[in-house]
Each structure stands twice: as structure tokens, then as C-alpha cells.
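Data block below; observations after.
The values are calculated or read from the model by the stated rules, or taken from the named source; none is laboratory data. Since the structure is predicted, the reported quantities are computational estimates derived from the model, not experimental observations. Don't worry about glycine lacking a Cβ; one is built from the backbone with ideal geometry, like all the others, and counts go over all protein chains shown.
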Amino acid sequence: MSFSEIKEPIKQELEQFEEHFKGAIRSKVPFVDVIARYIVKQKGKKIRPILVMLTAQACGGINTSTYRGASLVEILHTATLIHDDVVDDADTRRGLASINAVWKNKIAVLMGDYMLAKGLLLSLDNDDFQFLKIISDSVRRMSEAEILQIKKSRDLDIDEATYLKIISDKTASLIATCTRIGAASATKEPVLLERMKEYGENLGMVFQIRDDLLDYTGRKSITGKPTGLDVKEKKLTLPLIHSLAKAPNNRSKQAIKIIKNGASNKELQELVNFAYEFGGIDYATKKAEHYSSLAFKALEALPTSDAKEALREFVKFVMERSK
């Protein structure tokens with residue numbers, strides 16, 4: 001299935017979500033509302049709200065609380081992106097100039113804080129305390145993982161267990177938040193709630209491992225050079241972690257030296273070749289396949305429906321994407 005086909009079971013509900021999201025971030029302060037409306041223009045794929053709504057549909061049906069849950073997830077995700085753009089000094093976001101590029105860092109940070117507050121109030125005003133508990137735990141995990149990754153990147157000291165812990169907390173926790181909130185909005189059945197948590201966690205692991213693989217196997221830039229962004233930022237991901245563990249000591253030391261010194265474009269290609277030579281690419285691919293099979297297994301608890309099939313296809317879509 002294409003991504004548009006995956007969204008088909010909730011096509012009409014997605015349109016309604018857009019209105020809920022706009023209303024949820026609206027401000028009575030005109031200037032703040034101008035920025036809020038600009039944020040709505042930065043249209044992404046809406047992967048997270050789509051997961052919330054597909055899961056709710058598969059677990060019993062979309063209702064008003066589902067829209068609130070989907071809006072909460074998108075609001076908090078957007079808040080983190082705004083703050084990330086400030087930290088990274090990014091100029092663009094989703095094809096448009098970033099908030100910090102248009103209104104400078106101070107307003108961008110405050111706008112991120114505003115979005116965070118709006119998300120929390122959306123849940124508090126509607127007594128969605130379970131949603132708040134789920135997402136607060138996710139934000140804690142994400143923050144701890146980000147700090148740990150920064151520390152490990154500085155030291156270039158990361159093994160597979162630490163890497164899996166980081167991506168579980170940094171990426172999989174937010175994907176699981178979407179599926180947990182979606183399920184919680186539609187059912188109280190403990191087995192379904194647990195299985196949808198498992199589905200989200202494992203889908204998140206697939207998502208991040210595949211993303212890390214694309215740094216080595218994805219499309220080259222227009223100059224024909226490998227992207228290698230993770231390596232440039234001195235982030236060790238699974239293809240390189242596995243290869244460093246399997247390569248002879250002298251080859252591993254040479255690879256680490258290249259990363260520490262800031263790899264040139266030619267050296268980036270050497271590191272890509274290194275990851276292929278010592279099995280890192282194959283190993284990471286098999287690891288992603290392992291987590292995808294766990295995600296499929298978790299879906300077995302759901303009754304047959306178009307939404308369940310879409311959730312299955314979502315896993316395949318993530319596994320097969322090339323950019």
C-alpha cells in the first residue's frame with residue numbers, strides 16, 4: 001500500500017482532525033495566533049495522529065476523545081520540533097522557513113512552551129488524565145534518551161544494548177504513545193491496550209533502525225555523495241556499532257579516528273563501505289525485520305477490519321521506504 005492508501009480508512013476523520021488541531025492551538029493574542037496559523041501551514045505527514053486514529057478505529061471506533069488525543073500528540077510533537085530547530089539552528093521545517101528563522105530564537109522557544117501548555121490544558125480541561133500519564137512518561141523517556149545520546153556521542157562510547165535503549169526511549173516511546181492513546185480512547189479491554197502498546201513500541205524500533213540504515217543505503221545527495229548525517233554528527237548507530245564490534249581492532253580504531261576528526265566526503269564513503277564489509281547493514285536490516293515481526297504479532301489481538309490491515313501495511317511501509 002502507498003501512504004495515501006494506508007490513510008484511507010480514516011480519510012474523513014483526518015479532515016475533522018485538522019479542524020480540531022487548529023482549534024486546539026488557537027490563541028486570543030493576535031500575534032501568537034499568527035504564529036499558530038503559520039505552524040498549521042507547515043504540513044507534515046501527520047504520522048502520529050494517523051496512528052492514534054487508526055488504532056482507535058481498529059479498537060472500537062473513533063470518538064471525540066480520539067481527536068483530543070491525536071491533537072495532544074501532534075501539539076507536543078510540534079513543540080519538540082520547534083525547540084529542536086532552535087538547538088540545531090535549522091532554517092527550514094517541512095518545506096517552509098522555521099519559526100526561529102522567521103521570528104528568531106526567543107519567540108521560537110516561547111512558542112514551543114506555548115504549544116506544550118496548550119497540549120496539557122487540552123487534556124486537563126477534558127479530564128483526559130490517562131492521556132496525560134501516557135504522554136508524560138514518554139516525554140521523560142525521550143528527554144533522558146536524548147541526554148544519554150549526546151553524552152555517548154561525545155565519548156563515541158556506545159554498544160548495541162545502549163543504542164537499543166536510546167532508540168526505544170527516544171523514538172519508540174512516542175510511537176507507542178500514539179497507539180496507546182488511540183486504543184485508550186476506544187476501549188478499556190486490557191489485552192488490546194497492552195497489545196497496542198507492544199505494536200507501537202516495536203513499530204517505533206523498526207522506524208528508527210530503518211531511518212539509521214537510510215543514512216548508509218538511502219538516496220545520495222545531488223552531488224552523488226552519501227548523506228552520512230549521523231556520522232557527521234558523531235552519532236554511532238547500529239550499522240556502524242555492529243561493524244566496529246566485528247572488525248579487526250586496527251580497522252575499528254581507524255574508523256573511530258575518522259569519525260572523531262570529522263569525516264570528509266571521501267571518508268564518509270569509506271565508513272559506508274566499512275559498514276557493508278563487516279556486516280553492519282545486513283545485521284541492522286535483520287534487526288528491523290525482527291521488530292516488524294513482533295509488531296505484526298501484536299496486531300493479531302485485533303478483530304478484522306480495514307484499520308487493522310492499514311496498521312499491518314504501516315509496518316511494511318516503514319520497512320520498505322527508501323527516503
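Restricting to the stretch 38-59, and then to whatever is more than 15 Å from the chain's Cα centre (by Cα) and at pLDDT 90 or above, can you tell me which residue is surrounded by the most Cβ atoms within 10 Å (Cβ to Cβ)? Among them, the one singled out is Thr55.
Among the residues of the stretch 249-270, the ones that are surrounded by 13 or more Cβ atoms within 10 Å (Cβ to Cβ) and either outside any helix (DSSP H, G or I) or among the basic types (Lys, Arg) (or both) come to 2 in all. Ser98 passes every criterion in (1) touching a helix residue (DSSP H, G or I) at 6+ places or on another chain (Cβ under 7 Å); (2) in contact (Cβ under 8 Å) with a residue 60 or more places away in the chain; (3) more than 22 Å from Leu122 (Cβ to Cβ) apart from (2). Restricting the stretch 117-131 to residues that are assigned to a helix (DSSP H, G or I) and touching a residue at least 24 places away in the same chain (Cβ under 8 Å), the residue that is farthest from Ala186 (Cα to Cα) is Lys118.
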